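**Q** Take this structure first; my questions come after.
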Amino acid sequence: MVFNTSTNSFQFYNGVSWINISHSGIITGAANKIAKFNSPWGLTPSLMTDNGAGIGINTTNAIADASATLDITSTNKGLLIPRMTTAQRNAIATPAKGLMVYDSTTNNFSFYNGTAWTDLNGGGGGSNWLVLGNNIYNSNTGNVELEHLHHLQN
């Protein structure tokens with residue numbers, strides 16, 4: 001890219017000739033909407049809003065809820081957070097307290113509690129209790145007192 005002082009314009013070389021970089025016309029948008037390119041020179045409002053306090057991602061043009069930094073709204077889609085193996089998760093340099101990932105090795109959501117990675121399913125390393133039908137299984141050590149205990153399995 002160069003600035004041509006004869007034409008007072010920026011130009012880029014497309015492999016054959018120098019082309020002026022220019023645009024004329026009015027760029028339209030919507031209040032609080034983040035713009036996106038819809039052609040080489042055209043901008044239109046995107047599905048994202050920014051009211052200066054939070055980001056909203058939705059199809060309704062709603063701004064983010066005042067209590068949220070990020071507000072994602074959908075009636076037919078979910079949130080897909082980063083997915084990685086345990087080794088990849090453990091390789092994250094200085095994870096922030098509260099950082100969350102999906103661990104594809106253990107098939108669990110994990111968050112960093114400021115000291116260690118913790119699975120969301122049991123608060124620290126797996127489910128402590130499994131309820132299957134009328135039976136209760138305890139994977140912890142200690143005493144369990146249950147009335148009408150029909151089956152106990154380690």
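**Q** So, V144, is that one at pLDDT below 95 and not in a loop (DSSP other than H, G, I, E, B) or not?
**A** Judged against the criteria, V144 is not a match.
**Q** Something else about it: Could you tell me how many of the residues in segment 26-58 are in a loop (DSSP other than H, G, I, E, B), modelled with pLDDT under 70 and among the polar types (S, T, N, Q)?
**A** 5
To keep it simple, each residue is scored yes or no on (1) assigned by TED's automatic domain parsing to the domain that holds G52; (2) out of contact with any Phe, Trp or Tyr (no Cβ under 7 Å at 6 or more places or on another chain).
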site: S67; (1), (2): yes, yes
site: P95; (1), (2): no, no
site: G98; (1), (2): no, no
site: Y102; (1), (2): no, no
site: T106; (1), (2): no, yes
site: F111; (1), (2): no, yes
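The values are calculated or read from the model by the stated rules, or taken from the named source; none is laboratory data. These numbers were taken from a predicted model, which means no experiment stands behind them. We place every Cβ from the backbone using ideal geometry, glycine too, and count neighbours over all the protein chains shown.
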